[in-house]
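Heads up: the structure comes next, in structure tokens.
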Amino acid sequence: MRLGVLGGTFDPIHFGHLLAAEEVRESLHLTRVLFAPASSPPHKQQTPILPVAHRLAMVELAIADNPAFALSRIDVDRPGPHYSVDLMRLVRAEYGTAPDTTWLIVGADSLLHLATWHAPDRLIRECRLAAVARPNYPVDMAALEATLPGLTARVDWAEMPELGIASSDLQQRVRAGRSIRYQVPAAVARYVAEHGLYR
């Protein structure tokens, strides 16, 4: 099995997340992509986020029509703090995959800050990184390699169209009474409306 893992807050999940997962799945010939919502992301401790039950429900609705996508509860069913290195270790144990057949999907913007993550040297031994290129985030791999030796050999790149959708912008649109149609799956837009989320 060739397994990809897309972690995130998914508050809410949107077409940018789904497109990134699909582009990586296709370009790296992945068997499955797991969407792993974070229960309490260490880098968002000061940011209010929706209860995890709502975020899990929206992910399930968003990925329901893609048999290659699945929901992972690994980060929500264990105590925090939650670090990517632990997520990938647990995913590999659950699915029996090797470091070279397991990818953590990250945006180019996240890759730029990888050296500041918890135990990045262990992370790149635990899995490969599927980096999604973004036009406004040029990545100096030589500089990153100098900071984190061995990184370059552990990164595979995937291209995707720039959508310019951000969960924080979607939250603001809902609060302002504006539509999020065509930026999230219809089922997610309905869920947000029915539960009065982000109001």
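Among the residues of segment 143-153, write down those that are in contact with a helix residue (DSSP H, G or I) (Cβ under 8 Å, 6 or more places away or on another chain) and either assigned to a helix (DSSP H, G or I) or surrounded by 13 or more Cβ atoms within 10 Å (Cβ to Cβ) (or both). Of everything in segment 143-153, those that are in contact with a helix residue (DSSP H, G or I) (Cβ under 8 Å, 6 or more places away or on another chain) and either assigned to a helix (DSSP H, G or I) or surrounded by 13 or more Cβ atoms within 10 Å (Cβ to Cβ) (or both) turn out to be Leu144, Glu145, Thr147, Leu148, Leu151, Thr152.
Table: residues versus (1) out of contact with any helix residue (DSSP H, G or I) (no Cβ under 9 Å at 6 or more places or on another chain); (2) under 20 Å from Ala62 (Cβ atoms); (3) not small (Gly, Ala, Ser).
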site	(1), (2), (3)
Ser110	yes, no, no
Ala115	no, no, no
His118	no, no, yes
Asp140	no, no, yes
Val155	no, no, yes
Ser167	no, yes, no
Leu170	no, yes, yes
Ala176	yes, no, no
Tyr182	no, yes, yes
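Look at segment 69-88: where a residue is assigned to a strand (DSSP E or B) and a partner is buried (at least 21 other Cβ atoms within 10 Å of the Cβ), sitting 6+ places away or on another chain with Cβ atoms under 6 Å, you get Phe69/Val33; Phe69/Ile63; Ala70/Leu34; Leu71/Phe35; Leu71/Val59. From the list Asp65, Asp11, the lone residue that is touching a residue at least 40 places away in the same chain (Cβ under 8 Å), part of a loop (DSSP other than H, G, I, E, B) and among the charged types (D, E, K, R) is Asp11. Just wondering, is there one or more residues in segment 140-160 that are closer than 30 Å to Val192 by Cα, touching a residue at least 12 places away in the same chain (Cβ under 8 Å) and not basic (Lys, Arg)? Within segment 140-160, one or more residues are closer than 30 Å to Val192 by Cα, touching a residue at least 12 places away in the same chain (Cβ under 8 Å) and not basic (Lys, Arg).
Every number here is computed from the coordinates shown, using simple stated rules; none is lab data. For clarity, every value in this text was computed on a predicted model and none was experimentally measured. Note: ideal-geometry Cβ built from the backbone for every residue, glycine included; neighbour counts use all protein chains shown.
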